[in-house]
Amino acid sequence: MSVRPPVPPEVPSLDDLYRGIRPKLDKAEAVLRGWADSQNPLINEISRYILQERGKMLRPALVLLGARLLGATDEEDVFLAALVEVLHTAGIIHDDIVDDARERRGRESIHARWGPNITVLIGDYLYIKSIGLSLRSKHDRVIRVVADLSARMIEGELAEVAASGDLALTEPAYLDILDKKTASLFEACCRFSAILAAAPNDAEAALAKYGRELGMCFQLVDDLLDFTGDPRVLGKPVLSDLREGRITLPLIRALARDGRELRPRLQGLVRRRVISARDCRAIVEHLRACGALEETFAAARGHAERAKSHLAAFPDTEFRRALSGLADFALNRSR
């Protein structure tokens, strides 16, 4: 039984979605490379390692697409697009330390390569650097958004640490963690767009709600892919979250249905943090049979649909269509 339908042919690639902002996105990547330069050789080495394999650049693209949607002409859009990627990278680095993750995008994580002491300092350095960079903005609100966002992301990380291995974690508590750790950054990207355009409050609110729903969809699909994805595509083993003590929505839903069989198995695995191929198959089959995987996909689809509904407040332009396409991409991606 398939967890999700095949990707519909109308869902475009990121290259298609980024076509209208590609020159600015390339400039944002160039800015990031410039920010990586440091008189400290270790920072230079780690920064080059981070930049060897760029991710989807989804968050910078959100800033740029939202700004174009709202008609912004402010040249600070490239600066803010680069800034959100610094924040995202800081969050990833801290995430990998907390989870003791050994791989990221098919390569050794910074944590695995340089050890936890150096890595936690690099994560702290990037958070502080992002706040320092925000002081360069001519928009006072940018500073407040970055400071508030950094606190929310770290608060979400702390809540996730506290919930590590907790099989009694409730769905509302888990979704609150996702809201702080992931969705808050997506929302902030959209607020930056509104700040650049000096958009009215109702337009900013609609775009911010779009960003938050998109972020929730994105993270729930991450949860799902941890059970159903191809390790060669994901760049990490399946069930990495469980190995790292993370109890995600598919498990929460399965345990809420009937945990008599699953709970004892998970308790042992969480204690050992070692999961055999046989355990993987058994857990995935259990989640599939009880409907938890389908329910998680349905929850992600609900967030994607709500994200697109918030775009109805804006004119039908190529940029609104691109933002709507990002919701389809987030829902149907394979990595």
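Please treat every number below as a calculation from the coordinates, not as lab data. All values derive from a computational prediction rather than experimental measurement. All Cβ positions, even for glycine, are placed from backbone atoms using ideal geometry, and neighbour counts span all protein chains on display.
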- Dipole of the chain (Lys/Arg Cβ +1, Asp/Glu Cβ -1, origin at the Cα centre): which of 216, 331, 177 lies farthest to the positive side? 331
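Could you pull out every whole DSSP H run in the chain that spans at least 15 Å of Cα extent along its own axis and averages -0.5 or higher on the Kyte-Doolittle scale?
41-52, 58-69, 77-99, 116-134, 140-162, 184-197, 201-228, 277-290, 318-332
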- Cα centroid of the range 197-217 to Cα centroid of the range 144-184, whole Å: 20
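Using 0.36 nm per residue, how much length does the chain from residue 128 to residue 56 gain when fully extended, once their Cα-Cα distance is taken away?
Numbers: separation 72, 0.36 × 72 = 25.92 nm, distance 2.34 nm.
My answer for the length gained is 23.6 nm.
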- Task: Find the relative contact order for the range 95-243 and round it to a whole percent, using C-alpha pairs within less than 8 Å whose residues are 6+ positions apart.
- Result: 23
- Residues of type aspartates and glutamates that residue 138 reaches as a straight line, Cα spacing below 15 Å, ignoring anything fewer than 8 places off in the same chain: 74, 75, 76, 77
- Task: Order by neighbour count: 27, 180, 138, 56, fewest other Cβ atoms within 10 Å first, most last.
- Result: 138, 56, 27, 180
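Order these by the 10 Å Cβ neighbour count, fewest first: 157, 318, 75.
Details: 157 20, 318 13, 75 10.
Result, fewest neighbours first: 75, 318, 157.
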- Using Cα pairs closer than 8 Å and at least 6 residues apart in sequence, work out the relative contact order for the range 221-335, in percent. 34
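Could you put 29, 305 in order, starting from the residue whose Cβ has the fewest other Cβ atoms within 10 Å? The partial results should precede the final answer.
Values: 29 18, 305 13.
Least crowded to most crowded, the residues run 305, 29.
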- Message: What percent of all Cα-Cα pairs in the chain falls into each 10 Å bin, going from 0 up to the bin containing the maximum distance?
- Response: 6, 26, 34, 24, 9, 1
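Need the full-extension length gain, residue 298 to residue 276, defined as separation in residues times 0.36 nm minus the C-alpha distance. One decimal, nm.
On the way: separation 22, 0.36 × 22 = 7.92 nm, distance 2.84 nm.
Here the answer is 5.1 nm.
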- Task: Before rounding to the nearest 500, sum -39500 (n - 2.57) across all DSSP H runs of length at least 4 in the chain and divide by the residue total; then give [θ] at 222 nm in deg cm²/dmol.
- Result: -23000 deg cm²/dmol
- Message: Given an 8 Å cut-off on Cα distances and at least 6 residues of separation, report the relative contact order of the chain as a percent.
- Response: 23
- Other residues with Cβ under 10 Å from the Cβ of residue 241 give, with Lys and Arg +1 and Asp and Glu -1, a net charge of -2
- Task: At 7 Å along the Cα-to-beta-carbon direction for both residue 121 and residue 148, put a label point, then send me their distance in nm to one decimal.
- Result: 3.3
- Starting from the range 177-225, pick out the GluC sites (Glu not before Pro) whose DSSP state is loop and whose Cβ has at most 16 other Cβ atoms within 10 Å. none
